[in-house]
Amino acid sequence: MELAIAEHYESDFAQGAAHGDTANLIETHVIFNKGRMGAKAMYARWDLEGAAAKAAKKDVQDGGYIEASYKMTPKLGVFTRYSVWDNGGAGDTEITQADVGVNYWLNDHVVFKADYQNQDASDDSKAADGFNLGVGYQF
């Protein structure tokens with residue numbers, strides 16, 4: 001099992017464009033694997049200080065996910081994930097997404113991934129259902 005918490009502080013995230021723009025990121029996650037089954041959960045939150053972030057209602061951004069997986073064979077696995085995030089700080093841009101997918105491990109360092117996502121948003125123009133293909137490489 002892995003349990004972690006991290007913090008990252010930026011004293012000048014706008015890189016001098018505006019005085020007093022600071023940012024603080026806090027993240028925590030847990031990963032648990034037992035045999036062929038796995039579970040993950042993560043939560044992260046940005047707190048941005050500065051007039052521009054506040055005016056854009058982006059001064060607080062947060063989200064997280066919970067995921068369950070099952071490795072059917074050493075090379076083939078399935079997963080499902082439920083995510084919620086809000087990039088808008090005011091709570092009016094919350095997005096939820098449910099994913100189901102498969103992973104195929106070519107070897108210990110390369111994985112091919114495919115998933116379907118169903119996304120809902122409080123602002124319907126920001127919702128996006130879709131099919132994703134990916135490749136992961138670990139070195």
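Nothing in this text is a laboratory measurement; each read-out follows from the coordinates by a stated rule. As the structure is a computational prediction, the values presented were derived from the model and not from experiment. Positions of Cβ are backbone-derived with ideal geometry, glycine not excepted, and every protein chain shown enters the neighbour counts.
Structure values in brief
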read-out	value
Relative packing of peptides 44-50, 54-60, 69-75 - highest average C-beta neighbours within 10 Å first	44-50, 54-60, 69-75
Distance between segment 35-63 and segment 66-139 - C-alpha centres, whole angstrom	17 Å
For segment 128-139, Karplus couplings with θ = phi - 60° (6.51, -1.76, 1.60), whole Hz, Gly/Pro x	8, 7, x, 10, 10, 10, x, 10, x, 9, 10, 10
Within the chain, helix-based [θ] at 222 nm, where runs of 4 or more DSSP H residues each add -39,500 (n - 2.57), nearest 500	-500 deg cm²/dmol
Using a Förster distance of 35 Å, the FRET efficiency for Leu133-His8 (Cβ separation, nearest 0.05)	0.70
Mean Cα-pair separation over length for the chain, i.e. relative contact order, pairs under 8 Å, 6 or more apart, %	14 percent
